[in-house]
Structure formats: C-alpha cells, structure tokens
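Only one structure is covered here, and it is reproduced in the block below.
The values are calculated or read from the model by the stated rules, or taken from the named source; none is laboratory data. No experiment lies behind these values; they were computed from the predicted model shown. In this analysis, Cβ positions are derived from the backbone assuming ideal geometry, glycine residues included, and neighbour counts consider all displayed protein chains.
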Amino acid sequence: MHLHKYEKIWLIFGISSLVVFLCVLGYGAFWKGTHPQSHGVTIDPNNVEAYEAFKPENLGLTKVDDNRYIVNIVASAFNYDLGKDENGTAVRTIRIPKGSTVLFQLTTKDVVHGFNVAGTNVNMMVEPGYISSYEAVMNKPGEYTVVCNEYCGVGHHMMYATVEVYE
C-alpha cells in the first residue's frame, strides 16, 4: 500500500496529537491525582429538610471559622431559598466579608437548576437528589447577581438572588 506524502504527514500529526493528549491526560490523572467528581452526596429530594444543612433554620449564610462561611440554599420552583430574616421575610441577599472562603451547598426539590454567581467562577448545576457544592474565595468587593443558568420552566427569568461582598 502506497501513501501519499501529505497523507503520511497528516497521519503522523494526528497520531502525535493523540499521544500528546493521552500523555497530558495521564499526567493529570495519575501523577496529579485529578479526577472527575464521582463522590456526589445524595439526598431524598422529597424530604430535603431531613438533611441537617437544609433545615429551614440552617439555610443562608453560616460562619464556620474566621473568614470561613457556608451558604446553604434550596432551589425550587423559580426561587432560591436563602432562609428568613428575624422578621420572617425571605432573604434575597447574602452579605459576605471580602477575603472570605465560602462553601456554597445547594440542592433542589423539583427539577434541574443552575447556580451562577455572575462575575465569579462559582457555577454549578443543581440536580434533584444530589447536593452540589463549590468552595470559592470572595476577594473582590461588589454586588453579584446569582442567576439560574439552566432553564427550569416559565418563571425561570425570575429566579435570582444577590451576593454582596463588602470590605
């Protein structure tokens, strides 16, 4: 079988690219220990209140240590449930001090939702039956809008909240 000069060049290029890709993947997986998230925490979507973090009194911002916080949120039917204030009014804003490490923990009762803090690298898919979590350091002061970036129904555009990082 006779191969044309350009066929040989493209075959060498393609096989070399594949070898480089597999080497990079192997280096990341075996040497660095990187792996996809496969240890998802499951939860009963019909009874999320049974899980300690998602009881109504534990929703919203909780201080864990100096500059360490946990934010527990339940997403449902066009709403992020961040808990209630002392007057019983639904909270729509999370206030976090600048430089804090924040662990966002979310679950949902109904359909797939998204959780994106616009302007940061916080971006998750929230699925029924699972707890999604993401840890981020909030270094830049400002007001950030939280949006659902997975279409969840006709009221999808009304699903938002605010994260305020203050000095």
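Do you know which residues across region 45-61 are buried (at least 16 other Cβ atoms within 10 Å of the Cβ) and outside any loop (DSSP other than H, G, I, E, B)?
Step one: of region 45-61, the residues buried (at least 16 other Cβ atoms within 10 Å of the Cβ) are 45, 48, 51, 53-54, 59-61.
48, 53, 54, 60, 61, listed by residue number.
Looking for something under 20 Å from the mean Cα position of the chain (by Cα), modelled with pLDDT under 90 and assigned by TED's automatic domain parsing to the domain that holds residue 134 - is there at least one such residue anywhere in region 54-75?
no
Look through region 43-75, keep the residues that are polar (S, T, N, Q) and touching a strand residue (DSSP E or B) at 6+ places or on another chain (Cβ under 6 Å), and return whichever of them is nearest to residue 165 (Cα to Cα). Working first, answer last.
Restricting attention to region 43-75, the residues satisfying the condition of being polar (S, T, N, Q) are 46-47, 58, 62, 67, 72.
Those left that are additionally touching a strand residue (DSSP E or B) at 6+ places or on another chain (Cβ under 6 Å): 58, 62, 67, 72.
Numbers: 58: 21, 62: 15, 67: 12, 72: 17 Å.
Selected residue: 67.
Restricting the search to region 94-133, which residues are under 18 Å from residue 63 (Cβ atoms) and either assigned to a strand (DSSP E or B) or not assigned by TED's automatic domain parsing to the domain that holds residue 159 (or both)? Write out each step before concluding.
Step one: of region 94-133, the residues under 18 Å from residue 63 (Cβ atoms) are 94-105, 133.
If the condition is that a residue be under 18 Å from residue 63 (Cβ atoms) and either assigned to a strand (DSSP E or B) or not assigned by TED's automatic domain parsing to the domain that holds residue 159 (or both), then 94, 95, 96, 97, 100, 101, 102, 103, 104, 105, 133 are the ones that fit.
Hey, could you check region 64-121 for residues that are under 25 Å from residue 44 (Cα atoms) and among the acidic types (Asp, Glu) and say which is surrounded by the fewest Cβ atoms within 10 Å (Cβ to Cβ)?
110
Can residue 102 be described as touching a Ser or Thr at 6+ places or on another chain (Cβ under 6 Å) and of a type in the set (A, V, I, L, M, F, W, C)? Can you show your working first?
Values: touching a Ser or Thr at 6+ places or on another chain (Cβ under 6 Å): no; of a type in the set (A, V, I, L, M, F, W, C): yes.
In short, no.
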